[in-house]
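Asks: Below are the structure tokens for one structure; questions will follow.
The values are calculated or read from the model by the stated rules, or taken from the named source; none is laboratory data. Since we're looking at a predicted model, the values are computed, not measured. Neighbour counts run over all protein chains shown; Cβ positions are idealised from the backbone, glycine included. The area values use the complete protein model at the heavy-atom level, side chains included, leaving out ligands, DNA and RNA. Shrake-Rupley method; radii C 1.70, N 1.55, O 1.52, S 1.80 Å.
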Amino acid sequence: MKITIIFTAILLISSITNAQVNTLYEGDSSIVKGVITETGGYLLKNYDNDCYWSRLGDYYVNYDDSLNILNTINLSNYYVIKYDNKLFNFAPSYHIEGDTIEGLIINPFAVIDSIFLNSYDLERGSFNSVKIPINNVRSAFSFIFCKEEEVFAIISAELYTRGIGLDDSNLCLTLIDTTGNVLNHIVYDKKILGFDILEQENKILINTSPSKMYYIDKSTWKIIDSINMHKYLFMSSINDSIFIGASGDYLYRQNTVLKTLDSISYRRSNIIPSHNLISGSPTINDYCFAVKNIDTIIYSYRVTDNTFTNQLGIAIDNININNLFFNERYVYNEFEPTEMKGVSGVIYTEDGGIILNITTSDNPFASSNAYLLKFYPNGRLSLASVEPDKTAIILYPNPTKDFINIVSSDEIKEITIYNSLSQNAYSKKHKGKDIEIDVSKFSKGNYIVDIKTEKGNIRKKFIVE
């Protein structure tokens, strides 16, 4: 039985309007845009300087910090990397082998017949597919793109089930350029059962099971060092020496220079991760990291309650990576609150917010929506407006005890605050777009704030606790 998962290059190419990526939700702390789909969505790794790219259903969507849609392309093929104005992905064709009883395959395992580097040239509108010699890539593989070297680094191994367990397998590295030429193929005498790959400046890190990490120098492509790991981790690089990973209830920080490992257990007891992945794309993960700088990371994952039946939504955790101090958590569930949500990419934006790529589903085997969530970790709404000709106002935190901050896309001239009895609690002329007001002496209760700007008056509400 031969199964081919090379996607046919159906000519579904078109630049489409913003209306086809709809605004699905707009709340006090978030804006959601996306599409109704059955094929999910995910974030592409973009190495070009043209904002962000995600796949939403059958659309590849280019957008900026404010979720303004810059371009959309309708393609049936799956791609996960953008570089030199081209989309790239590796795809295998394989067949199933295993022991047979009366013609039925038991203990099946996949045997790859061929690997293809598929690409799509956005400028020319043309597809290309190059077959990689099968002796260069084993049955299981992961890859990264090294931009400085302009090569794909593919880590692979023969990992398949035979009878009662997994066979040990040698680790292989194959280097392939963007046109599909094999530049190098190295077999390391390292027996592994699983692996993940991460680039860290001048080296590649191979996280393996059993729990060991190998350093591969990018100038020689040889293993130059290794460290023992506490866990086999999903990883994200912070800088040239530190990476982070998650496993179970713990977040780990590994220093690959000092060879130190620290961990923190920080989840609330009633918020636990659900590991059932939502189907529909090749890159869905429960765990996603976004690195703002060396100090702060956003760690996002899908959560349920302890019964695994109530969908609590997406946890957005802000953590100081230097001391592994947990700053704050926000659980987002305003949009489609009854659906389970899978995270497939998180990005920090220049204006201090984050964008999450999320796929929702009403069961673990079918996707219902793929969308982009623009969110501020401190609860502020993005200054991005779905009506760009109007003034956008952010008021945070809300509720508050001490201060409120008012941020405007246009110059603020005057601010007046009324209590629930319509009594004037504050009135002052201002000049600026970011104003902080001390409300620590206000009585507890609901307040209305009138904000006079260059384009007119805007009214907001907030609560003093």
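Asks: Show me the ranking of peptides 253-260, 95-102 by mean Cβ neighbours inside 10 Å, starting with the highest.
Replies: Top to bottom by mean Cβ count within 10 Å: 253-260, 95-102.
Asks: Using amide H atoms built in the peptide plane, which far-off residues or other-chain residues are under 5 Å from Phe243 H to H?
Replies: Residues meeting the criterion, in which the H sits 1.01 Å from N, are Ile238, Gln254, Thr256.
Asks: Search the structure for amide H atoms under 5 Å from the amide H of Asp362, placed 1.01 Å from N in the peptide plane, and list their residues when 5 or more places away or on another chain.
Replies: Excluding prolines and chain starts, which carry no amide H, the hits are Ser368.
Asks: Provide the packing ranking of 434-446, 44-56, i.e. peptides ordered by the mean count of other C-beta atoms within 10 Å per residue, highest first.
Replies: Output ranking for 434-446, 44-56: 44-56, 434-446.
Asks: In region 37-170, what percent of the accessible surface is made up of carbon and sulfur (1.4 Å probe, ligands and nucleic acids excluded)?
Replies: Carbon and sulfur: 46 percent of the exposed surface of region 37-170.
Asks: Right, here's the next one. Could you give me the ³J(HN,Hα) list for region 312-317, computed from phi with Karplus coefficients 6.51, -1.76, 1.60 and θ = phi - 60°, whole Hz, x at Gly and Pro?
Replies: Rounded to whole hertz, the list is 7, x, 10, 7, 10, 9.
Asks: Still on this structure: List, in the order given, every pair from Lys374/Lys431; Lys86/Lys203; Lys33/Lys341; Lys190/Lys259 whose Cα-Cα distance in the structure shown is over 22 Å.
Replies: Lys374/Lys431; Lys86/Lys203
Asks: Kindly write out, for region 330-336 in residue order, the coupling ³J(HN,Hα) from the Karplus curve 6.51 cos²θ - 1.76 cosθ + 1.60 (θ = phi - 60°), rounded to whole Hz, with x marking Gly and Pro.
Replies: Using θ = phi - 60°, the values come out as 10, 9, 8, 8, 5, 8, 6 Hz.
Asks: Return the lysines within reach of Lys428: Cα separation strictly under 30 angstrom, same-chain partners fewer than 8 residues apart disregarded; answer none if there are no such residues.
Replies: Straight-distance partners of Lys428: Lys390, Lys401, Lys413, Lys441, Lys444, Lys452, Lys455, Lys460, Lys461.
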